[in-house]
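Asks: Here you go, one structure.
The values are calculated or read from the model by the stated rules, or taken from the named source; none is laboratory data. Since we're looking at a predicted model, the values are computed, not measured. A quick note on method: Cβ atoms are made from the backbone with ideal geometry, for glycine too, and the neighbour counts reach across all protein chains shown. Side chains included, ligands, DNA and RNA excluded: accessible areas come from the protein's heavy atoms. Shrake-Rupley method; radii C 1.70, N 1.55, O 1.52, S 1.80 Å.
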Amino acid sequence: MTSRVLLLNATFEPLAVVTARRAVVLMLSGKAELVQAALEGGAFRSENLAVAVPSVMRLSRYVRVPYRASVPMTRAGVLRRDKRSCVYCGKRADTIDHVVPRSRGGRHSWENCVAACRPCNSRKADRLLSELGWVLRTAPAAPRRGRGSVWLLTVEPHPTWEPWLAAAA
Ligand SMILES: [Zn+2]
């Protein structure tokens, strides 16, 4: 069971992404309720119970989101921030480039990582932008801590989540 479930707060704000197994446990314990079942379907079955695998669910009680000083950086998060397009040429990106290469002291951070296509990434290799005459149109930045966005940026969103994410943006 590898599918992911979008967990909404009781107020319908996106809160977290959890595994389907965790989602079912939350539902069975009465802590959350189904909002939308997974399209690819399936159900968890036990001896006398069948539970539809959720895609979106909602907590029964409102929880306060704890303050987090920074959003953890992930590959999926950087691709999402940069809208999956290469910051150098605009083509579809599926790699992460360190603007200042790690071999030259660049950090593995939101501010130094950008989405890049494979050709640009390999052309750039361990050189600096100034050495190539390349420029960044916008400076990479850590995502702001909007409501719910803390967790959501770290995974690839499922299409069925979009209405909920759009509502929170
Ligand atoms: Zn490119």
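Asks: When the distances between all Cα atoms of the stretch 75-132 are binned every 5 Å from zero, what whole-number percent does each bin get?
Replies: Final binned percentages: 4, 23, 31, 26, 13, 2.
Asks: With Cβ to Cβ distances under 13 Å as the rule, what net charge do the other residues near S122 carry (K, R +1; D, E -1)?
Replies: Taking every other residue near S122 into account, the sum is +1.
Asks: Run the 1.4 Å probe and let me know the accessible area of Y62, rounded to the nearest 10 Å².
Replies: Here the residue's solvent-accessible area equals roughly 130 Å².
Asks: For the stretch 1-119, state the semi-axes of the equivalent ellipsoid (square roots of 5 times the eigenvalues of the alpha-carbon gyration tensor), sorted largest first and rounded to whole angstrom.
Replies: Here the semi-axes work out to 37, 18, 12 Å.
Asks: Send over a whole-number figure in Å² for the accessible area per residue of the stretch 75-132, probe 1.4 Å.
Replies: 55 Å²
Asks: Continuing with this model, one more query. Compute, for T138, the solvent-accessible surface of its heavy atoms (probe 1.4 Å) with the complete set of protein chains present, and express it in square angstrom to the nearest 10.
Replies: 110 Å²
Asks: Could I have the simple spin-label model distance between V25 and V135, label points 7 Å from Cα toward Cβ, reported in nm to one decimal?
Replies: 5.2 nm
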